[in-house]
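Since the structure comes first, as structure tokens, the remarks are kept for the end.
The values are calculated or read from the model by the stated rules, or taken from the named source; none is laboratory data. These numbers were taken from a predicted model, which means no experiment stands behind them. So basically every Cβ, Gly included, is an ideal-geometry build from the backbone, and we count neighbours across all protein chains shown. Accessible surface is based on the protein model in full, side chains and every heavy atom, while ligands, DNA and RNA are left aside. Shrake-Rupley method; radii C 1.70, N 1.55, O 1.52, S 1.80 Å.
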Amino acid sequence: MDGGPQAAVAARVPGAAGLGLLAPPSARPFPAALLADADWTAERVTGLGRRYRSTDRRVLATVWWYSASAVLLTPVAAGLATARPLSARLADTTLYEVGGTLLAGVSAAPSGPDPAADLRAALAAAIGAVAAAGGLRERPLWAVATDSLAGRLLAVGRALGDVATVTALAAPVAAAVGDPLPAPRFTDVGGTRFVRRASCCLLYRLPGEGMCTACPGRPPAHRQVLLEAAAGL
């Protein structure tokens, strides 16, 4: 990554590379604008199907978006957390992958005058392509996006040692973007904060994969026990 605006953000976040704010030297870059290309997205979904030996495009497209949205929103989350807002526009963003796995996202510009509108436009364009590729309704994909936003803010908050302040940014950002982006939610278990998921990534429906710890499809009591274990209780 060059000395652009994200470099100043990454310098303020401990473990920036592990969070996906710095691209690995071996990573292949591609413009985030491709996320809005339905044909390109369909090819990525097909490739994911080969990896998982599945032809369920609804599930594969959801899994793809769960990963892609998290990487796409990492610069946005880190910029907000460090008070150096970065552009959410797809045209300003480059994504990086290794072996077909998305690992980092880099925004090349500071936030514009209407960051909420830029974020809404980026999400709407990408979600439209994912929905077309997987034969999905768009609203569940907006729920995936809100969980990605919450998850990225939580991860950056942990890195900065100020989870409460950083995660408090989630609700006003989502409110500014507006419907159909749901309000992000968190839950505290034994002093540890987790995302209270509004979506299911559907990964457990692929061969060899299981449910996530916080999966909303788990019985609440079972999910609570797993979260307590994750919190070290």
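How many residues are farther than 18 Å from Ala78 by Cα and of a type in the set (Lys, Arg) if we restrict to the stretch 121-179?
Residues that pass the stated criteria total 2.
Select, from Arg193, Arg158, Arg152, the only residue that is open to solvent by 20 Å² or more (accessible area, probe 1.4 Å), closer than 30 Å to Asp56 by Cβ and of a type in the set (Lys, Arg).
Answer to the selection: Arg152.
Scan Arg152, Arg197, Arg158 and give me the residue that is outside any helix (DSSP H, G or I) and not small (Gly, Ala, Ser).
Every option except Arg197 fails the conditions.
Name the residue that is least open to solvent (accessible area, probe 1.4 Å), counting only residues in the stretch 76-91 that are more than 11 Å from Gln6 (Cα to Cα) and assigned to a helix (DSSP H, G or I).
That would be Ala77.
Of the numbered conditions (1) over 27 Å from Val163 (Cα atoms); (2) part of a helix (DSSP H, G or I); (3) in contact with a strand residue (DSSP E or B) (Cβ under 7 Å, 6 or more places away or on another chain), Leu72 fails exactly one; give the number of that condition.
Of (1) over 27 Å from Val163 (Cα atoms); (2) part of a helix (DSSP H, G or I); (3) in contact with a strand residue (DSSP E or B) (Cβ under 7 Å, 6 or more places away or on another chain), only one is false for Leu72: (1).
Looking only at the stretch 97-132, how many residues end up being open to solvent by 60 Å² or more (accessible area, probe 1.4 Å), touching a helix residue (DSSP H, G or I) at 6+ places or on another chain (Cβ under 6 Å), part of a helix (DSSP H, G or I) and more than 18 Å from Val63 (Cβ to Cβ)?
Residues that pass the stated criteria total 1.
Of the residues that sit in the stretch 42-75 and are under 14 Å from the mean Cα position of the chain (by Cα) and of a type outside the set (A, V, I, L, M, F, W, C), which one is most open to solvent (accessible area, probe 1.4 Å)?
Tyr66
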